[in-house]
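Okay, structure first, notes after.
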Amino acid sequence: MRKAAYPVEIFEPASGPDLGLFDDPTRYSRQIRFGPIGTAGQNQLRSASVLVVGTGALGASLAQHMTRAGVGTVRLADRDFVEPSNLQRQMLFDEDDARDAMPKAIAAARKLRRINGGVRIEAHVVDVGVRTVGALIDGVDLVLDGTDNAAARLVLSDACFRAGIPLLYGGVTASEGMSAALIPGRTACLRCLIGGDEASDEAADTCDTAGVISPAVEFVASLQAAEALKWLCGSREAMRRTWVSADVWTFRVRESKLPAGRSACRYCGARQEAQGAASAAQEDGGAMFTAAVLCGRDSVQVSSAVPFAMEQLRTDLERLGCTLTVNPYLMRAMLPEGGQSLVLFADGRVMVQGTSDPAEAVELCRRYIGGTDEKLPQDGAVLTT
Amino acid sequence: MAEHNNKFDFQLYVITGANYHPGRPLADVIEQTLIGGADVIQLRDKFSSEQEILEQARVLRELTRRYGVPLIINDYIDIAIMVDADGVHLGQEDLNLAVARRRLGPDRIIGISTHSLEQALAAQAGGADYIGVGPVYPTGTKPGRTAVTTSYVREAADHVKIPFVAIGGITLDNIDTVLEAGATRVCAVSAVVGADDPAAACRAFKARIAAHNGAAAKEKAKAEAEAEAGAAVTAHDLLEAQPAESDLAYLGVKINGKEQWTTAGTIEELIWQHSLEGRRLVVELDGEIVERDAWGRTSLREGSEVELVHFVGGG
């Protein structure tokens with residue numbers, strides 16, 4: 001990994017006298033006794049790396065499966081922080097994390113550290129998008145999808161298919177879930193299956209509008225984790241070639257065959273990787289900042305091109321009458337009027353809570369942290385995730 | 001499909017027609033029909049300005065609310081939204097159903113005028129809450145339109161699953177023929193709003209409909225009891241029973257586990273008919289996912305099984 005412009009916390013695996021339980025010969029015995037994994041499979045898991053994108057409900061569960069199974073490196077990426085509404089289903093977080101508004105990637109990594117000290121765990125507090133995805137997938141064997149929107153998944157699919165890395169998609173809403181292993185060279189990519197920008201999720205249910213129950217989350221995470229173990233321990237012929245959709249409440253499970261890659265597609269078609277990479281870089285060269293409406297959450301994420309000087313902002317915001325919650329990764333400022341909050345990340349992102357109007361969000365950023373216009377240029381594009 | 005489908009039902013549907021009661025205010029005449037038992041009021045006015053129609057809509061909204069009767073606005077979706085009407089009624093030429101549904105949301109009523117079974121089934125598949133079937137007889141409100149006669153009423157009764165209302169030139173003189181053809185809901189314009197006593201006219205219409213529906217319900221119960229003893233009609237029998245003389249390409253397909261008729265030839269058309277265009281979907285045809293790009297060229301066949309599933313995006 002190159003030096004990142006966002007907070008990263010890395011837990012190296014224990015070594016020498018710290019090995020402790022990690023070295024216990026029985027640690028993975030039940031998994032090794034399972035024929036398809038065996039000693040050889042366990043060794044492969046130990047030398048493998050995975051990226052878990054999003055460490056919310058699905059992501060926390062996926063990360064836990066990978067860490068407990070003894071995957072060598074577990075890299076976590078998440079843009080969000082822990083809130084009380086997460087605790088009902090996001091298995092790695094506790095009340096302290098919500099009280100301190102801890103970034104999810106950090107809180108998850110610390111918990112995982114205590115679960116398995118023999119695994120290298122990386123926590124990246126970052127919004128996974130076209131700018132950041134390349135460095136994150138660099139060097140991993142597999143990407144596990146724990147994101148919460150189609151736009152982010154399309155970014156992952158494009159990047160994974162370009163780099164030849166399998167993407168294990170999973171999604172949940174209410175009591176329903178879906179999962180599929182999307183494998184370059186074997187299956188079509190996500191963009192071919194569900195369409196790109198011509199479709200929209202605006203009218204679709206999300207966890208924030210339709211709710212979600214944790215059994216649905218765990219069901220889907222289990223489907224993803226099983227495929228991950230197969231891929232990582234070398235049982236690749238055993239990979240499921242279907243798209244599963246299920247409802248754990250009405251109880252219904254349906255499997256649909258996945259088609260192969262589409263030759264005309266620049267991602268899953270034959271050998272078009274290099275070209276794809278060039279075009280994506282061009283797409284990336286657009287607006288200097290974007291305001292992204294976070295569906296159903298009454299929040300807008302405003303991204304500035306310039307990182308924030310957090311200490312200076314802390315003084316400014318206090319002077320403006322904001323009530324602050326500060327931890328080493330972010331600062332939450334309750335505004336003195338209007339009931340909105342700004343959650344500032346040092347990498348230049350602001351989550352504006354209490355509005356779903358991008359223009360209002362940008363205006364609040366200008367008023368409280370704008371100061372100079374170079375922090376938040378006028379010509380922002382608006383996109384909906 | 002909208003939840004009120006089960007709740008929205010009626011017997012006598014009254015449409016405004018100010019030219020049939022010159023000198024009498026619209027609100028007075030419509031109030032008389034409400035007193036007489038009209039179950040739905042539709043504001044239709046092809047001549048006034050949009051502003052005038054908005055004014056009328058406001059008056060009728062207040063009036064119908066007092067009587068607890070749904071108000072439907074003909075053609076003007078904006079006006080329906082502005083006055084918080086219960087729904088709209090659209091012709092075949094008007095804005096398409098999918099667009100209207102998007103604007104009105106899932107809960108408002110959308111009715112569609114149809115003049116053939118093909119149009120009826122398309123409206124049904126497209127998510128209409130009810131359809132108009134007509135004109136059954138030649139009518140002054142739709143000059144120049146050929147009457148479809150009661151044979152279309154019979155076809156609709158046999159094949160249409162959503163509520164349908166027979167419309168066009170129906171009077172107390174010919175209503176029995178319409179009811180015998182299978183209509184259980186009737187729409188009247190001139191015979192009610194043009195009557196000297198609209199309340200009495202409504203009562204007379206409702207009495208005839210109720211008498212006929214009562215007799216029909218008894219017969220149906222008897223037939224069902226007999227059928228239960230005999231063999232159940234299978235889905236396949238229903239597919240076989242499609243009208244032989246039809247030159248329309250109806251296909252019997254299974255969509256999300258339910259047998260349906262469709263005139264859609266491709267996956268793309270099917271999605272359009274279900275007002276799902278622009279939504280993020282996963283589409284499966286006979287066990288395999290169909291890529292987004294292939295929807296337009298993937299044909300449906302008789303007996304195709306299609307799953308249309310919203311992409312699940314939470315995490």
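Brief remarks follow.
- Enumeration of residues in the stretch A:189-202 that are crowded, with 24+ Cβ neighbours inside 10 Å, out of contact with any Lys or Arg (no Cβ under 6 Å at 6 or more places or on another chain) and at the interface with another protein chain (Cβ under 7 Å from one of its Cβ atoms): A:LEU193
- Looking only at the stretch B:274-302, residues that are touching a residue at least 60 places away in the same chain (Cβ under 8 Å) and farther than 25 Å from A:ALA210 by Cβ come to 1 in all.
- Of all residues in the stretch A:128-161 being surrounded by fewer than 23 Cβ atoms within 10 Å (Cβ to Cβ) and not aliphatic (A, V, I, L, M), the one that is nearest to A:THR187 (Cα to Cα): A:ASP141
- Here A:VAL133 clears all of (1) more than 14 Å from every other protein chain (Cβ to nearest Cβ); (2) touching a residue at least 40 places away in the same chain (Cβ under 8 Å); (3) under 22 Å from A:MET351 (Cα atoms) except the condition numbered (2).
- Residues in the stretch B:259-285 that are in contact with a His (Cβ under 7 Å, 6 or more places away or on another chain) and away from chain A (no Cβ under 14 Å): there are none.
- Residues that are in contact (Cβ under 8 Å) with a residue 40 or more places away in the chain and more than 16 Å from A:VAL220 (Cβ to Cβ) within the stretch A:247-270 comprise A:LEU258, A:PRO259, A:ALA260, A:GLY261, A:ARG262, A:CYS265, A:TYR267, A:CYS268, listed in sequence order.
- A count restricted to the stretch B:179-189 and to residues that are part of a helix (DSSP H, G or I) and over 22 Å from B:ALA199 (Cβ atoms) stands at 1.
- Scanning the stretch B:7-35 for residues that are crowded, with 18+ Cβ neighbours inside 10 Å and within 23 Å of the chain's Cα centre (by Cα) gives B:PHE8, B:PHE10, B:GLN11, B:LEU12, B:TYR13, B:VAL14, B:ILE15, B:THR16, B:GLY17, B:ILE30, B:THR33, B:LEU34.
- Qualifying positions in the stretch B:286-296 - farther than 23 Å from A:ALA151 by Cα and at the interface with chain A (Cβ under 9 Å from one of its Cβ atoms): B:GLY287, B:GLU288
- In the stretch B:298-308, residue nearest to the other protein chains (Cβ to nearest Cβ) [restricted to those that are under 10 Å from B:VAL283 (Cβ atoms) and buried (at least 19 other Cβ atoms within 10 Å of the Cβ)]: B:GLU307
- Of all residues assigned to the stretch A:19-40, none qualifies as being under 16 Å from the mean Cα position of the chain (by Cα) and in a loop (DSSP other than H, G, I, E, B).
- Every condition in (1) farther than 15 Å from A:LEU330 by Cβ; (2) crowded, with 24+ Cβ neighbours inside 10 Å; (3) within 14 Å of chain B (Cβ to nearest Cβ) is met by A:LYS104 except one, and the failing one is (1).
- Which numbered condition A:LEU182 misses (of (1) at pLDDT 85 or above; (2) surrounded by fewer than 14 Cβ atoms within 10 Å (Cβ to Cβ); (3) more than 8 Å from every other protein chain (Cβ to nearest Cβ)): (2)
- Residue within the stretch A:268-276 that is surrounded by 14 or more Cβ atoms within 10 Å (Cβ to Cβ), modelled with pLDDT under 85 and not in a loop (DSSP other than H, G, I, E, B) present: yes
- Filter result for B:VAL178 (closer than 17 Å to B:VAL29 by Cα and in contact (Cβ under 8 Å) with a residue 24 or more places away in the chain): no
- Residue list for the stretch A:153-178, filter: at the interface with chain B (Cβ under 9 Å from one of its Cβ atoms) and under 16 Å from the mean Cα position of the chain (by Cα): A:ARG153, A:GLY170, A:GLY171, A:VAL172
- Those residues of the stretch B:47-77 which are within 20 Å of the chain's Cα centre (by Cα) and not aliphatic (A, V, I, L, M), in sequence order: B:PRO70, B:ASN74, B:ASP75, B:TYR76
A quick yes/no check of all residues on (1) within 12 Å of another protein chain (Cβ to nearest Cβ); (2) closer than 25 Å to B:GLY287 by Cα:
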| position | (1), (2) |
| --- | --- |
| A:GLY211 | yes, no |
| A:VAL220 | yes, yes |
| A:LYS230 | no, yes |
| A:ARG241 | yes, yes |
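- Verdict on A:ARG99 being without any contact (Cβ under 8 Å) to a residue 12 or more places away in the chain and either of a type outside the set (Asp, Glu) or out of contact with any helix residue (DSSP H, G or I) (no Cβ under 9 Å at 6 or more places or on another chain) (or both): yes
- The criterion of at least 1 residues that are in contact with a strand residue (DSSP E or B) (Cβ under 6 Å, 6 or more places away or on another chain), in contact (Cβ under 8 Å) with a residue 24 or more places away in the chain and surrounded by fewer than 18 Cβ atoms within 10 Å (Cβ to Cβ) is met by none of the helices (runs of 4 or more DSSP H) wholly inside the stretch B:56-175.
The values are calculated or read from the model by the stated rules, or taken from the named source; none is laboratory data. Since we're looking at a predicted model, the values are computed, not measured. As a convention, Cβ positions derive from the backbone with ideal geometry for all residues, glycine included, and neighbour counts pool all protein chains shown.
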